[in-house]
Amino acid sequence: MLSESIGHEESMLSEPEQKIHLSVAEKLQISPEEIKFTNLEGFIKGDRYAYFFTKQCFGKIAKEPNHKLQLAREVSNTLLAQDLGFDTTGVSLPYSEIDSEHGMVVFDKLSSEDGSAFVSYEDISGLSDEEAQKYGSRSAQTLMSHGFAKLPSDEDATRFLHRGAEGWSQMVDSPESLKNGIDQRRSFIDYPGIVENLQQVVGDSVDVAELAREFSRLPQLIDLLIEHFPKQDDEYFVHNDAGIQNIFFRANSQDGQEPDLMIDFEAASATHYPILGLIRDIQQYFGKVWANPDLQKQFIKGCFDWKSRDNPDLNEPNNRYYLLRAAIELGSLHFSHFPLKRVVQRVEQDHGPGVDSIKSAIDEEREMDLPLSLLKNLPENLKYLDDLYQNEQ
């Protein structure tokens, strides 16, 4: 019996689970008892990936062809990032097939003894002021130091990068696509009745109509940045999924002894507009920490204070100011539009037009805390950036 091979603790596994367990053990040349899966049953039932740990490594398994391709992409892009000078986790085993159905990748394990990571909004919102200052500053250093990373001409090394076919891969390589994306996201705030209802919810501290007008000026801000940082003949690397969840903060990095690690390069892209790539990564981080406004501010400060050794144009205060203003506004707009889009869809599908139906749709949206936090804090965040800029004049 298969169960006899993998010990009493694993004897409760189904036969498909046992087969995967044994296949991983054989591939890694270790005993099954050394492997701890976190969601093997869920994977058998349809989860995209199965995750496992050993004392030395962390692995992911996929079954569907598209998901296996994503694993191969993540490993290839991680190795490429290493070659570009990124500090990231090591690859223990590149993508490989472990049986006739499943593919696997294995990375060096990042343990709590080596550092810390954030995996939930509760982790982020619960940070103290001191922790927000520390992690915001370190996040900015990690992210900004890897901006404008030029790609090699080796097509094989860059073959798994997303390139401008659709979505954000297109927007980081095309100013016009980005501006069209801005207009699409603005349409949900500009939808008749949305501004009035949001104004009632957030109160008098924020002028929602003025925020909508601010978003309408974003395309002009993008044009201004492109004037200073035009299209390049070479391609540049974009993480494309930056966030505090994708940074591993090393325990011995407080004094700058070792840099923190950027991880998870599955969505990495290529661009001929490195300024758009940097905007994308900053906006992603900023929007994802919506649950902690203090962390947002410390991240803004860290980005503004950072100085480039290789690109002096980025150190010019006007350029840093416009870069960060565009990223802050775009991050607020981008992450706000998801719940607002669902509100508009509810209105059109279920409630019919009218202010009262929009209010009902907003009340039904479970993730309204996200846009409300971003929109309420946007004026203060922009003022904070303004103050940083004025102090440097």
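The values are calculated or read from the model by the stated rules, or taken from the named source; none is laboratory data. Because the structure is a prediction, the values reported are computed rather than measured. We place every Cβ from the backbone using ideal geometry, glycine too, and count neighbours over all the protein chains shown.
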### Query
Taking strands (runs of 3 or more DSSP E) that fall entirely within region 1-117, which contain at least 1 residues that are among the charged types (D, E, K, R)?
57-62, 91-97, 103-108
### Task
Have a look at 185, 213 and point out the one that is in a helix (DSSP H, G or I), in contact (Cβ under 8 Å) with a residue 24 or more places away in the chain and not hydrophobic (A, V, I, L, M, F, W, C).
185
### Task
Tell me, yes or no, whether region 372-381 has at least one residue that is under 20 Å from residue 242 (Cβ atoms) and among the hydroxyl-bearing types (Ser, Thr, Tyr).
yes
### Message
With the requirement that a residue be surrounded by fewer than 18 Cβ atoms within 10 Å (Cβ to Cβ) and either within 21 Å of residue 175 (Cβ to Cβ) or more than 24 Å from the chain's Cα centre (by Cα) (or both), what does region 307-330 give you?
### Response
309, 310, 311, 312, 313, 315, 316, 317, 318, 321
### Task
Residue by residue through region 238-263, note down the ones that are in a loop (DSSP other than H, G, I, E, B), over 9 Å from the mean Cα position of the chain (by Cα) and closer than 19 Å to residue 84 by Cα.
258, 259, 260, 263
### Message
Suppose we keep only residues that are of a type in the set (D, E, K, R) and either without any contact (Cβ under 8 Å) to a residue 24 or more places away in the chain or surrounded by 15 or more Cβ atoms within 10 Å (Cβ to Cβ) (or both) within region 123-147. Which one would you say is farthest from residue 273 (Cα to Cα)?
### Response
130
### Task
Quickly run through region 152-177 and pick out the residues that are surrounded by fewer than 16 Cβ atoms within 10 Å (Cβ to Cβ) and part of a helix (DSSP H, G or I).
167, 176
### Query
When you go through 304, 338, 299, 286 one by one, which is the residue that is surrounded by fewer than 19 Cβ atoms within 10 Å (Cβ to Cβ), in contact with a helix residue (DSSP H, G or I) (Cβ under 9 Å, 6 or more places away or on another chain) and in a helix (DSSP H, G or I)?
338
### Message
Just the residues that are within 14 Å of the chain's Cα centre (by Cα), at pLDDT 95 or above and not hydroxyl-bearing (Ser, Thr, Tyr), please, taken from region 115-143.
### Response
140, 143
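Residues in region 54-66: is at least one basic (Lys, Arg), under 24 Å from residue 115 (Cβ atoms) and at pLDDT 95 or above?
There is at least one residue in region 54-66 that is basic (Lys, Arg), under 24 Å from residue 115 (Cβ atoms) and at pLDDT 95 or above.
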### Query
Is it fair to say residue 170 is in contact with a Lys or Arg (Cβ under 9 Å, 6 or more places away or on another chain) and farther than 20 Å from residue 382 by Cα?
yes
### Query
Is it fair to say residue 98 is closer than 28 Å to residue 218 by Cα, aliphatic (A, V, I, L, M) and touching a residue at least 24 places away in the same chain (Cβ under 8 Å)?
no
### For residue 180: the one exception among (1) part of a helix (DSSP H, G or I); (2) in contact (Cβ under 8 Å) with a residue 12 or more places away in the chain
(2)
